[in-house]
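**Q** Here's a structure for you.
Computed from the coordinates by the stated procedures, all read-outs in this text should not be read as laboratory data. As the structure is a prediction and not an experimental result, all values here were calculated from the model. We place every Cβ from the backbone using ideal geometry, glycine too, and count neighbours over all the protein chains shown.
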Number of protein chains: 2
Amino acid sequence: MNEEQLKKWKAKRQKRRDSFNSDGLLSGILRGDLQALSSGITLLESNKKEDKAEAQKLINSCLKYSGKSIRVGVTGVPGVGKSTFIESFGQFVVEKGFKIAVLAIDPSSEKSGGSILGDKTRMNQLSVLENAFIRPSAAGKSLGGVARKTRESIILCEAAGYDFILIETVGVGQSETMVNSMVDFFMLLMLAGAGDELQGIKRGIMEMADALIITKADGDNLIKARRAKKEYENAIHLFPPNENEWIPKTLVASALENYNIEKTFETIQSFVNQTKVNGSFTNNRKQQDKYWLHETIADTLMTNFYSSERLVEVIAEVEQDVISGKISSFEGAEKLMKIYNHE
Amino acid sequence: MNEEQLKKWKAKRQKRRDSFNSDGLLSGILRGDLQALSSGITLLESNKKEDKAEAQKLINSCLKYSGKSIRVGVTGVPGVGKSTFIESFGQFVVEKGFKIAVLAIDPSSEKSGGSILGDKTRMNQLSVLENAFIRPSAAGKSLGGVARKTRESIILCEAAGYDFILIETVGVGQSETMVNSMVDFFMLLMLAGAGDELQGIKRGIMEMADALIITKADGDNLIKARRAKKEYENAIHLFPPNENEWIPKTLVASALENYNIEKTFETIQSFVNQTKVNGSFTNNRKQQDKYWLHETIADTLMTNFYSSERLVEVIAEVEQDVISGKISSFEGAEKLMKIYNHE
């Protein structure tokens, strides 16, 4: 690098630093500036110590402008057509005069470093719209880390005036429970097929859904999709009732033919209306805030424990003793606790 | 108290102490002595410090004789007929030449001090049988405490030679997930009725069940029960497949008419055969051991945190700040962590 290059690089770095200044970002975000929102999220994803303090300041300033969006979780296995569905849905919402943000959580990157959400770039039509913001989540080492970043991104998007915030996951890991704990409405996308509607979906996710949407209901698929819808409708009636009194809806939809995209939107609206009237909308948000307070504490305590240097070497050993029946789970736990507490 | 009374009282106390001696208890338990088993469980339920060490010794000695039973979870709301069903099932199992132990978990006593399992004493016919052992769980202050006592009771019952161990819960709280994590087979008892089959059952429990049993299928109820069975059967096929490849079974049964009690037994047997062949039986047990090791650590860390004197006064305050949107959940958590860590 010659002197001029170095100078340029330093200037660029400084510019980046400046753009990470929370005051500057705040006014940009409140103006709805996409670049500021994007930099804000990058800032809160940063693991640098100096960035963390700025990120905290930014979130605190955004908090009072947050809370007004409808937060929607969207899940479904790869191949179900999440991206095309979200693209159609997003365009519809924008045409209705709303602003929509899409945050995608990619649990695969935790383990493999690879991405199953590489297809994010495929949302070509949505991403060019002024009132749409699409952001794949940064990979986090822990689910707790991803959760925090996503929750904080929601706050920033809300401060930037987005009316709908979609949180997208792939329905195969633990991230669905996490997403369910940070959204108002949870949608499960499924394919109609010969008994393989739920291949790959984790048990328990179905009972979380506020709406089951059978996708790709076009052409030859339509009849199959309608049959599946009927079956799921019957099944849903056998589920225990929700506390919020909402009866989960089943829909067939086609992003290709723009079929029932509007109905999906209306379903979310009637959910919001109903739960705002009976108070469960606000109550759910409060419960979620409380949940994340205690969940974060739990996550921190556990992370501190399992990253303790004194334990690294013995954990596997104790686990083995427990699995082989040499000591009970409880004795194993006590043993590790004692080491952790220097006893 | 005169001198003679005092002497008698001291002798009685000594006798009780002796009977709580782990060596004495161990030989009794291994002989299958009911009194020794009962005292053993009382010992591990004791919160006295000197008893705790003895209890640990006893469990450690019993561990190598444990693991050979079939552990079955039974859940269902009050009124579904759990006690009568278990009584019929228990008698059948005993007639087949097996020994059965019933451990009942009573989550209501955590909060109210009262008991919804007061009907335990109603298992008159089962409790008099030599090869049956019925024990309501001691109330615990925390779910973690109840879990530990139940898991340890299982170890003692297995050392005493019981072939089947039933863990009973009421299906309305968090204890089902806990029980599901300590049994091989999980049964959900339900009533057939006009849409109220699952009234009171928590969402998610249905997807845990290895068998759904529609009880009181006698007299006028039989037709309704059969219809409900068909509906649930259809619903189950829509659930995501289990990792162990077991397809949950649906049965109608009547304890009154002894109808399908044998079929319930056969269902459990075929589950055990199938999962032992494909390895998931043993694998599930190992996963459970590991789960309880880490769950106990989490429980201990959380209990220590929330019982910290420094925090008692501020927790409610921080919670309020979070719920009202003054600070984020994450900032709230950090604040509490700092106080906890004397920072």
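**Q** Segment B:69-85 to segment B:295-319: how many Å between their Cα centroids?
**A** Value for the Cα centre distance between the two parts: 34 Å.
**Q** Quote the FRET efficiency, to the nearest 0.05, computed for A:Glu233 versus A:Lys68 with a Förster distance R0 of 45 Å and r equal to the Cβ-Cβ distance. Could the numbers behind the result be given before it?
**A** On the way: r = 33 Å, r/R0 = 0.73.
So the FRET efficiency works out to roughly 0.85.
**Q** Using a Förster distance of 35 Å, how high is the FRET efficiency between B:Leu6 and B:Glu50, based on the Cβ-Cβ distance and rounded to 0.05? Spell out each step's value before the answer.
**A** Working: r = 22 Å, r/R0 = 0.63.
Efficiency for this residue pair is about 0.95.
**Q** What is the set of long-range amide H partners of B:Asp184 at a cut-off below 5 Å, with H atoms built 1.01 Å from backbone N?
**A** It is B:Arg71, B:Val72, B:Gly73, by chain and number.
**Q** According to a simple spin-label model (label point 7 Å from Cα along Cα-to-Cβ), what is the distance in nm between B:Gln287 and A:Gln269?
**A** 4.3
**Q** Let me ask something additional. Give the percent of DSSP beta bridges with both residues in chain B that are antiparallel, rounded to the nearest 5. Show your work: numbers first, answer last.
**A** Working: 1 of 29 bridges.
Bridges in chain B are about 5 percent antiparallel.
**Q** Continuing with this model, one more query. To the nearest 20 debye, what is the magnitude of the charge dipole of the protein assembly as shown about its Cα centre, counting +1 on the Cβ of each Lys and Arg and -1 on the Cβ of each Asp and Glu?
**A** Numbers: 90 positive and 90 negative charges, 158 e Å.
Its charge dipole is roughly 760 debye.
**Q** On average, how many beta carbons from a partner chain sit within 10 Å of the beta carbon of a residue in B:236-243? It would help to have the intermediate numbers written out before the result.
**A** On the way: counts 2, 5, 13, 8, 11, 7, 1, 2.
Across the residues of B:236-243, the mean count of other-chain Cβ atoms within 10 Å is 6.
**Q** What net charge do the residues around B:Ser61 carry, taking every other residue with its C-beta under 14 Å from that of B:Ser61, with Lys and Arg at +1 and Asp and Glu at -1? Spell out each step's value before the answer.
**A** Details: positive: A:Lys326, B:Arg31, B:Lys57, B:Lys64; negative: A:Glu331, B:Asp23, B:Glu54, B:Glu152, B:Glu158.
Summing Lys/Arg as +1 and Asp/Glu as -1 gives -1.
**Q** Over all alpha-carbon pairs of segment B:293-340, lay out the pair-distance distribution in 5 Å bins, whole %, shortest bin first.
**A** 5, 22, 25, 21, 17, 8, 3, 0
**Q** Give the calculated FRET efficiency between A:Asp23 and A:Glu317 to the nearest 0.05, with a Förster radius of 45 Å applied to their Cβ-Cβ distance.
**A** Working: r = 51 Å, r/R0 = 1.14.
E between A:Asp23 and A:Glu317, to the nearest 0.05, is 0.30.
**Q** So how many Å³ per residue does the convex hull of the Cα atoms of chain B work out to? Write out the running numbers ahead of the final one.
**A** Details: hull volume 66.8 nm³, N = 343.
Hull volume over Cα atoms, normalised by residue count, gives 195 Å³.
**Q** Sticking with this one: With a cap of 15 neighbouring Cβ atoms within 10 Å, and only residues DSSP puts in a loop, list the trypsin sites (Lys or Arg not before Pro) found in segment A:276-343.
**A** Working: sites: A:Lys276, A:Arg285, A:Lys286, A:Lys290, A:Arg310, A:Lys326, A:Lys335, A:Lys338; in loops: A:Lys326.
Counting only loop positions with at most 15 other Cβ atoms within 10 Å, the trypsin sites (Lys or Arg not before Pro) in segment A:276-343 are A:Lys326.
**Q** Grab the Cα-Cα distance for A:Ile247 and A:Lys57, subtract it from 0.36 nm times how many residues apart they are, and report the gain in nm with one decimal. Could you put the intermediate results ahead of the total?
**A** Working: separation 190, 0.36 × 190 = 68.40 nm, distance 4.02 nm.
Value of the extension gain: 64.4 nm.
**Q** Considering only DSSP beta bridges where both residues belong to the protein assembly as shown, give the percentage that are antiparallel (nearest 5). Don't skip to the answer; put the middle values down first.
**A** Values: 2 of 59 bridges.
For the protein assembly as shown, the DSSP antiparallel bridge percentage is about 5.
**Q** Taking beta carbons within 10 Å but only from partner chains, what does the mean come to for residues A:61-71? It would help to have the intermediate numbers written out before the result.
**A** Values: counts 0, 1, 5, 2, 0, 2, 1, 0, 0, 0, 0.
Other-chain Cβ atoms within 10 Å of each residue's Cβ, averaged: 1.
**Q** In addition: Once you average over the residues of A:300-310, how many Cβ atoms of partner chains fall within 10 Å of each Cβ?
**A** Working: counts 9, 9, 5, 0, 3, 5, 2, 0, 0, 0, 0.
Per-residue shielding by partner chains comes out at 3.
**Q** Given a cut-off of 30 Å, name the pairs among A:Lys12/A:Lys48; A:Lys326/B:Lys338; A:Lys263/A:Lys286; B:Lys52/B:Lys99; A:Lys82/B:Lys224 whose C-alpha atoms lie farther apart than that in the structure shown. Could you put the intermediate results ahead of the total?
**A** Numbers: A:Lys12/A:Lys48 18 Å; A:Lys326/B:Lys338 38 Å; A:Lys263/A:Lys286 28 Å; B:Lys52/B:Lys99 28 Å; A:Lys82/B:Lys224 40 Å.
From the list (A:Lys12/A:Lys48; A:Lys326/B:Lys338; A:Lys263/A:Lys286; B:Lys52/B:Lys99; A:Lys82/B:Lys224), the Cα-Cα distance tops 30 Å for A:Lys326/B:Lys338; A:Lys82/B:Lys224.
**Q** On the first, second and third principal axes, largest extent first, how far apart are the outermost C-alpha atoms of the protein assembly as shown in Å?
**A** Principal-axis extents of the protein assembly as shown (Cα, largest first): 97, 62, 46 Å.
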